[in-house]
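Below: one structure, written as structure tokens.
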Amino acid sequence: MVDFKDLFSRQSKEYAASRPTYPKALFEFLAGLVEHRELAWDCATGNGQAAAFLAGYFDSVVASDASKKQIENARAGPNVRFAVFPAEKPDLADASVDLITVAVALHWFRFDDFYREVRRVAKKGTVIAAWAYGLHSVSPEVDRITQTFYRDVLGRYWPAEVRYVENRYKDIPFPFPQIKAPNFQIELEWDIHNLIGYLYSWSGTQKYIEENKSDPLEMIYPELEAAWGKEHAKRKVVWPIYLKVGRL
């Protein structure tokens, strides 16, 4: 099996529970680009949320991840087949896939190996879409705290690949003729406990805890709580989506 950076298995349950959900409009757009809707491959599916959306548009979906623990905590519809294999070595037939999606994972891949397999499994005209999302926004007061946490507290604990996300996927290798896409964003109504769970799911947070045997969120929680307001108040949280779409 191809080696991969397993940064999320340890907190796979938290990851599944705390990650933002993508807008349905994103999948409506992607499904509208393909001529046939027989098979979609959601690569590095994580908690399976993208696969669950795709299941509403395609006859079948293969949702794969190199992490067995991620797959064990993933959920989707009856026409989704979960499988454990790395992005660079998919157990898929040649020329079998109509749409390939990679949600918040492309920056971890071995690009040349992955794209060779993309070309192998894709039909003529297959669409590939990869996206990530940036730092969330709540309010100037909350954003200042979480941005400082991201940059100053966790700075050296982030893997180098995160720079692709910080650069909004502008410089990530993507060797396909690109399709212009609308701007999408995630919008959710969260309370402070949802946000804290999300911050715990960050790989940088987990790396900090592993190396220091202490909880970095304790540093910011009192200030964050004060900035948030009432403990159980719901506030709108917004993430920009950085999307690449191409056709083979």
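Suppose the filter is of a type outside the set (F, W, Y), under 26 Å from V97 (Cα atoms), surrounded by 15 or more Cβ atoms within 10 Å (Cβ to Cβ) and over 20 Å from the mean Cα position of the chain (by Cα); does L248 pass it? For L248, the condition - of a type outside the set (F, W, Y), under 26 Å from V97 (Cα atoms), surrounded by 15 or more Cβ atoms within 10 Å (Cβ to Cβ) and over 20 Å from the mean Cα position of the chain (by Cα) - is met.
May I ask you to verify whether S67 is of a type outside the set (D, E, K, R) and at pLDDT 95 or above? Write out each step before concluding.
Values: of a type outside the set (D, E, K, R): yes; at pLDDT 95 or above: no.
Criteria not met by S67.
Considering V153, V142, V121, V162, the condition of being among the hydrophobic types (A, V, I, L, M, F, W, C), farther than 18 Å from P240 by Cβ, surrounded by 16 or more Cβ atoms within 10 Å (Cβ to Cβ) and in contact with a helix residue (DSSP H, G or I) (Cβ under 8 Å, 6 or more places away or on another chain) is satisfied by V153 alone. Here P182 clears all of (1) surrounded by 12 or more Cβ atoms within 10 Å (Cβ to Cβ); (2) of a type outside the set (V, I, T); (3) under 30 Å from V121 (Cα atoms) except the condition numbered (1).
The sole residue among I209, I241, I220 that is in a strand (DSSP E or B), of a type in the set (A, V, I, L, M, F, W, C) and either surrounded by fewer than 20 Cβ atoms within 10 Å (Cβ to Cβ) or within 22 Å of the chain's Cα centre (by Cα) (or both) is I241.
Kindly evaluate I172 against the criterion of being assigned to a loop (DSSP other than H, G, I, E, B) and either within 28 Å of F29 (Cα to Cα) or free of Cβ contacts under 8 Å to residues at least 60 places away in the same chain (or both). Even if it seems obvious, please write down each step before you answer.
Details: assigned to a loop (DSSP other than H, G, I, E, B): yes; either within 28 Å of F29 (Cα to Cα) or free of Cβ contacts under 8 Å to residues at least 60 places away in the same chain (or both): yes.
Yes; evaluated as a whole, the condition is true for this residue.
Within the stretch 223-238, the set of residues being over 27 Å from the mean Cα position of the chain (by Cα) and not in a loop (DSSP other than H, G, I, E, B) comprises E223, A226, A227. Going through (1) over 18 Å from the mean Cα position of the chain (by Cα); (2) touching a residue at least 12 places away in the same chain (Cβ under 8 Å) one by one, V102 falls short only on (1).
Pick from A51, A25, A95: which is surrounded by 15 or more Cβ atoms within 10 Å (Cβ to Cβ) and either within 19 Å of R247 (Cβ to Cβ) or not polar (S, T, N, Q) (or both)? Lay out the reasoning, then the answer.
Details: A25 fails: surrounded by 15 or more Cβ atoms within 10 Å (Cβ to Cβ); A95 fails: surrounded by 15 or more Cβ atoms within 10 Å (Cβ to Cβ).
Of A51, A25, A95, the one residue that is surrounded by 15 or more Cβ atoms within 10 Å (Cβ to Cβ) and either within 19 Å of R247 (Cβ to Cβ) or not polar (S, T, N, Q) (or both) is A51.
When E218, E210, E187, E225 are checked against the criterion of being over 22 Å from T21 (Cβ atoms), among the charged types (D, E, K, R) and touching a residue at least 24 places away in the same chain (Cβ under 8 Å), a single residue qualifies: E225. Looking only at residues in the stretch 159-169 that are in contact with a strand residue (DSSP E or B) (Cβ under 8 Å, 6 or more places away or on another chain) and part of a helix (DSSP H, G or I), which one is nearest to V104 (Cα to Cα)? Residue satisfying both the conditions and the ranking: V165.
The values are calculated or read from the model by the stated rules, or taken from the named source; none is laboratory data. What you see is a predicted model, and the numbers here were worked out from it, not measured in a lab. Please note: Cβ atoms are built from the backbone with ideal geometry, for glycine as well, and neighbour counts cover all protein chains shown.
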